[in-house]
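Below is one structure, written out as structure tokens; the observations come after it.
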Amino acid sequence: MFVLRSSLTMKNGEDLSESLMKQGGNGLTDSPQGEKRPEDLRQNYARWVSFGIEFCGVVGLFCYAGYKLDERLSTSPWLLLAGFFLGFTGMFYTILKEMWNKKSR
């Protein structure tokens, strides 16, 4: 069985989950000390959530286009699979490029 763990790193290099544990917050609300979360952290969450929605939308659109072409050309399921891999690869590259650009800033 595989376990996948993701971690977010803040600008100062500290792991986000460790920082939230130290503050006693859960990451969804303000910390118990009454401090507000940094605005850039909210923007970071919003950006990655929007990437996730875009990722699903693009892959779904390419799959749908492949499905319709498969119906028309009677090549099922090959164009559907090609659409999936094309959409997945393109969006994965876009996300990697965004991560590389963020690290270089």
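The values are calculated or read from the model by the stated rules, or taken from the named source; none is laboratory data. Just so it is clear, the structure is predicted and the values come from calculations on it, not from any experiment. Neighbour counts are summed over all protein chains in view; Cβ atoms, including those assigned to glycine, are modelled from backbone coordinates with ideal geometry.
What to note about this one:
- Qualifying positions in the range 65-89 - out of contact with any helix residue (DSSP H, G or I) (no Cβ under 7 Å at 6 or more places or on another chain), surrounded by 13 or more Cβ atoms within 10 Å (Cβ to Cβ) and under 20 Å from PHE51 (Cβ atoms): PHE85
- Residue list for the range 15-65, filter: modelled with pLDDT under 90, assigned to a helix (DSSP H, G or I) and of a type in the set (D, E, K, R): GLU18, LYS22, GLU39, ASP40, ARG42, ARG47
- Inter-residue pairs, beta-carbon under 7 Å, first closer than 14 Å to THR94 by Cβ and in the range 51-76, second of a type in the set (D, E, K, R) and at pLDDT 95 or above, 6+ apart: none
- Those residues of the range 49-64 which are surrounded by 13 or more Cβ atoms within 10 Å (Cβ to Cβ) and within 12 Å of the chain's Cα centre (by Cα), in sequence order: PHE51, GLU54, PHE55
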